[in-house]
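Undergrad: One structure, pasted below without further comment.
We did not get these values from a lab; they are worked out from the coordinates using the rules stated. Note that the coordinates shown come from a computational prediction; the quantities given were computed from them, not determined experimentally. Quick reminder, even Gly has a Cβ in these numbers, built from the backbone with ideal geometry, and neighbours come from all protein chains shown.
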């Protein structure tokens, strides 16, 4: 006789933590829809502002594909992250596809904005083509992502002229901040914060497109103030995060 399905077999987290972590990944999967909405609303302005506007839609699609692969890898890891899991510091096929999808999405943003620039075309192509070699050899595996992330932010800012786009660069260190605390403490609620930080950059891109094309960009003083206050808050909260207790792991 078949037994009923046990959710705890695949999600080895206490229920409140599971709801938070899975909810954060649902947010990561769906948040690129905000970019699609901004593009649709401002399509006429976007079309005359960038070189290949349709690639921004493909970029949003690759972000969603990346989140789907990340969800798959977390499912393989039973949603409980430890340093050796593929979703953390280990390696795995779905983890590879997740990062490659994000690398491609950043290249597409850069190409959409300034793809007619030969330097942008070469850097974007090299980043996408070489990433598998970096990942497989595990030699500076995140270098292509870092380079293309910086390139996508720079090209988007040059096209839409809204400094809020630059706030995307704040999210990478913030992601590593939560991720490092997660691996040190084993407190799985930090997994949700890591995911939310890693996936929220697209909001600033959509915001920048809207603000730039509406003629209401954010000012540099506001953006700098947000960066400074966020970094100060992170420093202040660090001791509290490191005191979090390890999340009990449910038996399969």
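Undergrad: Could you go through the range 82-91 and let me know if any residue there is touching a residue at least 12 places away in the same chain (Cβ under 8 Å), out of contact with any helix residue (DSSP H, G or I) (no Cβ under 9 Å at 6 or more places or on another chain) and farther than 27 Å from residue 120 by Cα. Talk me through it step by step, then tell me what you get.
TA: In the first step, residues of the range 82-91 are kept if they are touching a residue at least 12 places away in the same chain (Cβ under 8 Å); the result is 82-83, 86-89, 91.
After this cut, where a residue has to be out of contact with any helix residue (DSSP H, G or I) (no Cβ under 9 Å at 6 or more places or on another chain) as well, the list is none.
No, that holds for no residue.
Undergrad: Of everything in the range 16-32 that's over 15 Å from residue 61 (Cα atoms) and in contact (Cβ under 8 Å) with a residue 24 or more places away in the chain, which residue is surrounded by the fewest Cβ atoms within 10 Å (Cβ to Cβ)?
TA: 23
Undergrad: Condition first: more than 18 Å from the chain's Cα centre (by Cα) and either surrounded by 20 or more Cβ atoms within 10 Å (Cβ to Cβ) or free of Cβ contacts under 8 Å to residues at least 40 places away in the same chain (or both). Now tell me which residues in the range 137-154 satisfy that.
TA: Scanning the range 137-154 gives 137, 139, 140.
Undergrad: How many residues does the range 216-252 contain that are loosely packed, with under 12 Cβ neighbours inside 10 Å and more than 13 Å from residue 167 (Cβ to Cβ)?
TA: Adding up the residues that qualify gives 13.
Undergrad: Would you pick out the residues in the range 67-84 that are over 15 Å from residue 29 (Cα atoms) and buried (at least 19 other Cβ atoms within 10 Å of the Cβ)?
TA: As a first pass, look at the range 67-84 and keep what is over 15 Å from residue 29 (Cα atoms): 76-84.
Across the range 67-84, the qualifying residues are 77, 79, 80, 81.
Undergrad: A follow-up question, please. Of all residues being free of Cβ contacts under 8 Å to residues at least 40 places away in the same chain and surrounded by fewer than 20 Cβ atoms within 10 Å (Cβ to Cβ) in the range 174-213, which is nearest to the chain's Cα centre (by Cα)? Just the residue, please.
TA: Ranking the candidates gives 175 first.
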